[in-house]
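Before any comments, here is the structure.
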Amino acid sequence: MTAVKRIAVLTSGGDSQGMNAAVRAVVRSGLYFGLEVFGVQRGYQGLLNNDIFPMDLRSVGDIIQRGGTVLQSARCKEFMTLEGQQKGADVLRSRGIDGLVVIGGDGSYQGANKLSKLGIKTMGLPGTIDNDISFTDYTIGFDTAVSVVVDAVNKLRDTMTSHERSSIVEVMGRHCGDIALHAGLASGAETILVPEVPFDMDEVAQRMQSNFEHGKRHSIIIVAEGVGKGEDVAKEIMARCPSYEPRVTVLGHIQRGGTPTPFDRNLASKLGDFAVRKLIEGESDKACGIINNQLTLTDIDLVVNTKSSIDMDMYELAIRLSQ
Ligand code: ADP
Ligand code: F6P
């Protein structure tokens, strides 16, 4: 006896690499367990437009390696209203769909929470490069985004060393410094600026100057966008430490594209399958995550009302190793 018979899946908010692997897992696990599975095109907007179609095994073939999302994503204002949410629930009911897997960030989770209050069983999967969702160690796409940044910094290092410059690299992460921190440690950056940790620009510049005097031929500064613009950081550095001439690189949406890493594909596959199994068991209004390599289920309310935190041990390690 399964608690759901027909389920749908959608991707919402900013896309992330690995969303396709998650869609594939939801569809294939759903079909494996005897459910009917539907795809919703363009997130909640597609739900309101009744842009819903049946998915079979072949409809998710050849997508595990692709970035972006074959279901496309959207931001939908109408769905923020109670009327919009009621319409969405009615559309699902009119199709006989009783369960919905939402792949997205905090905002998308809130949409799922609203639908569950209107009688639709929902599961949230953490799809965002920012790694800013609580109750999961990793979000789908984060590992790939970090790889993109590390690859870029490797290249920047070459030319910065030749010219004894500092490279200010602005990375994504609206309110969260995880991309900056993880990429910064992995690429040996001298400075990592994140919104969660206050910093003093004079101290940053003094460390840079001291590194210069001890023979460092470049200085890599990773700035999470939540801190501010790379250009502004460059001006402040130039005023305090002109030894290295600064150059700014804004990586932008390149961080959201490209083939997902094996880590992201596997994370997405595990979480997608887990979400389906939990819906079948009758769970609803839950966010799926992975904590200490264990799959976890947490109330969406709790997830969206808890701020994710930065790993301070990792931050201090990055500083220790960057002299
Ligand atoms: P993310 O899911 O990446 O955080 P957004 O915050 O843009 O992205 O949210 C994606 C979509 O989720 C929004 O466009 C909207 O349709 C829906 N959504 C966001 N917040 C809410 C909310 N409080 N109630 C209902 N739906 C919401
Ligand atoms: O939330 C993911 C994210 O890529 C953030 O890092 C960034 O601030 C934002 O989305 C960019 O949004 P958009 O794609 O709408 O420019």
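Brief remarks on what is shown
- Filter result for E245 (at pLDDT below 95, touching a strand residue (DSSP E or B) at 6+ places or on another chain (Cβ under 7 Å) and farther than 23 Å from D143 by Cα): yes
- The stretch 96-123 residues that are closer than 17 Å to T306 by Cα and within 14 Å of ligand 1 (Cβ to nearest atom), paired with ones that are open to solvent by 50 Å² or more (accessible area, probe 1.4 Å) and among the aromatic types (F, W, Y) (beta carbon under 9 Å, 6 or more apart): none
- If you go through the stretch 155-185 and keep only what is over 19 Å from the mean Cα position of the chain (by Cα), touching a residue at least 40 places away in the same chain (Cβ under 8 Å) and in a helix (DSSP H, G or I), you end up with L156, R157, M160, T161, H163.
- Some residue of the stretch 276-286 being in contact with a Leu (Cβ under 7 Å, 6 or more places away or on another chain) and open to solvent by less than 30 Å² (accessible area, probe 1.4 Å): no
- Of the residues making up the stretch 1-15, those that are within 16 Å of ligand 1 (Cβ to nearest atom) and open to solvent by 10 Å² or more (accessible area, probe 1.4 Å) are G13, G14, D15.
- Complete set of residues in the stretch 260-317 that are of a type in the set (S, T, N, Q) and on the phi > 0 side of the Ramachandran plot: N292, N293
- Just one of (1) part of a strand (DSSP E or B); (2) among the aliphatic types (A, V, I, L, M); (3) buried (at least 22 other Cβ atoms within 10 Å of the Cβ) fails for V248. It is (3).
- Here the stretch 168-182 is the region considered, the condition is being within 15 Å of ligand 1 (Cβ to nearest atom) and of a type in the set (A, V, I, L, M, F, W, C), and the residue that is farthest from T139 (Cα to Cα) is M172.
- All of (1) buried (at least 17 other Cβ atoms within 10 Å of the Cβ); (2) touching a Pro at 6+ places or on another chain (Cβ under 7 Å) hold for H175 with one exception: (1).
- Per this entry, D90 is not counted among residues that are open to solvent by 10 Å² or more (accessible area, probe 1.4 Å), of a type outside the set (S, T, N, Q) and within 16 Å of ligand 2 (Cβ to nearest atom).
- Summed over the stretch 16-51, the residues that are open to solvent by 10 Å² or more (accessible area, probe 1.4 Å), more than 28 Å from H253 (Cα to Cα) and outside any loop (DSSP other than H, G, I, E, B) give a count of 6.
- Only one of the listed residues (D151, D158, D143, D132) is within 16 Å of ligand 1 (Cβ to nearest atom) and surrounded by fewer than 24 Cβ atoms within 10 Å (Cβ to Cβ). That residue is D132.
The values are calculated or read from the model by the stated rules, or taken from the named source; none is laboratory data. All figures in this text were calculated on a predicted structure; none of them were measured in a lab. We place every Cβ from the backbone using ideal geometry, glycine too, and count neighbours over all the protein chains shown. In case anyone asks, the SASA skips ligands and DNA or RNA and just uses the protein heavy atoms, side chains included. Shrake-Rupley method; radii C 1.70, N 1.55, O 1.52, S 1.80 Å.
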